[in-house]
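Where a number appears in this text, it was derived from the coordinates with a stated rule and is not lab data. Everything quoted here is computed from the prediction, not taken from an experiment.
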Amino acid sequence: MIIVACSISAEAAVDRAVLTQAFAWLASASAAGSALAAAAAGWAVDAFGPHGGFAVAAASAALMAVITCLCLA
């Protein structure tokens with residue numbers, strides 16, 4: 001859902017000549033964010049058990065939602 005909101009925002013914000021590049025940046029940022037969140041969740045599972053991993057996942061999703069809302073405002 002966040003990727004869709006970011007894609008719609010990018011399409012509205014950038015010139016059509018660089019739209020492919022904007023989508024490539026979005027895909028790269030999404031992959032990097034997923035990798036970082038997976039690493040953090042893995043560390044939390046090792047340190048605090050499964051509940052720690054779920055807490056990191058929930059906190060990451062909440063943070064992405066807040067950032068998206070701030071960017072769309």
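A few comments on the model shown:
- The chain - mean residue ellipticity at 222 nm from DSSP helices (-39,500 (n - 2.57) per run, n ≥ 4, rounded to 500): -31000 deg cm²/dmol
- Extension gain from Asp46 to Trp25, taking 0.36 nm per residue of separation minus the Cα-Cα distance: 4.4 nm
- Span-like helix ranges in the chain, DSSP H, alpha carbon extent 24 angstrom or more, Kyte mean at least -1.0: 19-48, 50-72
- Taking only the C-alpha atoms of the chain, Rg followed by Dmax gives 14.9, 48 Å.
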